[in-house]
Amino acid sequence: MPAITDHPCFPQPEDADTKIWRYMDLPKLLWMLEENALYFCRVDLLEDTFEGTRTPSTEPLINEDRCPDLLKQFFREERKARRSLVFVNCWYFGDHESVAMWKIYGKENKSIAVQSTYRSLFEQLNLVRFLENEELVHDCFLGLVSYIDYTKESLGRPQNLLSPFMHKRESFAFEKEVRALVDSEFIKNLGDYCAKKSDRQKEARRIRDLYARHVKECSGITVPVDLSALIESIYVAPKAELWFVELVEKVIRRYGLNVPVKHSSLDADPLY
């Protein structure tokens, strides 16, 4: 089953064949090749502490004005804890390379950018499995991140739990982010699922607790994909030396990936 794109919190591009880019260092490329997969990071471990939070002008799901202080604190802790239940994989959206992204990820000129298209990523994101029991699966969502002024604007859909994870502050607008998202909240009610299957409440609680412990202990999840179908090209950082370009090419060939390795177009000679 492909990624879900018809969700109100996940805006879609006008052209699904637009290029997307994932900037990374060589060790991360090696991991991707070794696992033949994409890595989804837990949101609460991302560098931006505003990830998964709401703006001051966004109404909460429940009107808390008349709630006791203890209950208000409980709601805040629940919203904060939910950030550990959402996992994301991020790409840059645009037909051209980003100087800003190279400066962030292209340290020492020994980084690379995996280039694909939005459509290819959409086609590769299938059901995600967390547990060995293959009946316990997730769907993956895919869309464009929206950038807003967190001091003035609202997230727009306070009744939707995914909205905080698809908005970022305007300061990050240069990222032009495509975000694939797995929400483990969708199978947080494993107890109900198991009870329907077996009518054994003890077993239901055991499976639910196993899942909760699994999520708490993992910093990310691995989503298997077909890299040969996903990746169109691999670009090497501007100013990278020839030996590094040749090394990247040898590495991907060793893993059976037959895609072109290119120097960054930012290295092109200007005309005078």
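The values are calculated or read from the model by the stated rules, or taken from the named source; none is laboratory data. Computed from a prediction, not measured in an experiment: that's the story for all the values here. Note that we place each Cβ from the backbone using ideal geometry, even for glycine, and neighbour counts take in every protein chain shown.
Remarks
- Restricting attention to the stretch 4-25, the residues being closer than 30 Å to Leu247 by Cα and either of a type in the set (A, V, I, L, M, F, W, C) or free of Cβ contacts under 8 Å to residues at least 24 places away in the same chain (or both) number 3.
- Among the residues of the stretch 17-47, the one identified as closer than 21 Å to Asn160 by Cα and out of contact with any Phe, Trp or Tyr (no Cβ under 7 Å at 6 or more places or on another chain) is Asp44.
- Going through (1) part of a helix (DSSP H, G or I); (2) modelled with pLDDT of 90 or more; (3) of a type outside the set (A, V, I, L, M) one by one, Gln115 falls short only on (1).
- Taking the criterion of being modelled with pLDDT under 90 and either within 28 Å of Thr49 (Cβ to Cβ) or not in a helix (DSSP H, G or I) (or both), the residues of the stretch 164-194 that qualify are Val182, Asp183, Ser184, Glu185, Phe186, Ile187, Lys188, Asn189.
- Per the conditions (1) over 30 Å from Pro260 (Cα atoms); (2) at pLDDT below 90; (3) crowded, with 16+ Cβ neighbours inside 10 Å, the sole criterion not satisfied by Lys80 is (3).
- Summed over the stretch 95-112, residues that are assigned to a loop (DSSP other than H, G, I, E, B) and not acidic (Asp, Glu) total 4.
- Close pairs from the stretch 103-121: first farther than 15 Å from Glu177 by Cβ, partner of a type in the set (Ser, Thr, Tyr), Cβ under 7 Å, at least 6 apart: Ser111/Tyr23; Ser111/Tyr105; Ile112/Tyr235; Gln115/Ser233; Gln115/Tyr235; Thr117/Thr18
- Looking only at residues in the stretch 195-254 that are of a type in the set (Ser, Thr, Tyr) and either in a strand (DSSP E or B) or surrounded by 13 or more Cβ atoms within 10 Å (Cβ to Cβ) (or both), the one that is modelled with the lowest pLDDT is Tyr211.
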